Amino acid sequence: MKLVVGIVKPFKLDEVKEALREIGVNGLTTTDVEGFGRQRGHTEVYRGAEYQVDFVPKVKVEVLCDDDQV
């Protein structure tokens, strides 16, 4: 058995779930996480002041599968 872990943008989760279903993956676990990569965060305005948000929301996807499925 192998544990495969991936980090995806929240709007891609349905697409990832469907792709995993198509290749025979029966279950997965998701966790809401925050992080940054190439995006380097973003700027938000709250009550007239700008704030730099370093972390953006992401989803961690964990799949436990047989060795031959990896």
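Is it the case, given these coordinates, that Leu64 is outside any strand (DSSP E or B) and among the hydrophobic types (A, V, I, L, M, F, W, C)?
The answer is no for Leu64.
Kindly indicate whether Lys9 is basic (Lys, Arg), farther than 15 Å from Val63 by Cβ, in contact with a strand residue (DSSP E or B) (Cβ under 7 Å, 6 or more places away or on another chain) and surrounded by 10 or more Cβ atoms within 10 Å (Cβ to Cβ).
Against the criterion (basic (Lys, Arg), farther than 15 Å from Val63 by Cβ, in contact with a strand residue (DSSP E or B) (Cβ under 7 Å, 6 or more places away or on another chain) and surrounded by 10 or more Cβ atoms within 10 Å (Cβ to Cβ)), Lys9 qualifies.
Please go through the range 9-52 and give me each residue that is under 16 Å from Gln69 (Cβ atoms), more than 14 Å from the chain's Cα centre (by Cα) and outside any helix (DSSP H, G or I), ordered by number.
Correct list: Ile23, Gly24, Val25, Asn26, Gly27.
So Gly6 clears everything in (1) assigned to a strand (DSSP E or B); (2) at pLDDT below 90; (3) not β-branched (Val, Ile, Thr) except one condition, right? Which one?
If we test Gly6 against (1) assigned to a strand (DSSP E or B); (2) at pLDDT below 90; (3) not β-branched (Val, Ile, Thr), just (2) comes out false.
In this structure, does Val59 turn out to be among the hydrophobic types (A, V, I, L, M, F, W, C), in contact (Cβ under 8 Å) with a residue 12 or more places away in the chain and touching a Pro at 6+ places or on another chain (Cβ under 7 Å)?
Yes.
The values are calculated or read from the model by the stated rules, or taken from the named source; none is laboratory data. It should be emphasised that the depicted structure is a prediction, and the values quoted were computed from it without experimental measurement. Neighbour counts are summed over all protein chains in view; Cβ atoms, including those assigned to glycine, are modelled from backbone coordinates with ideal geometry.
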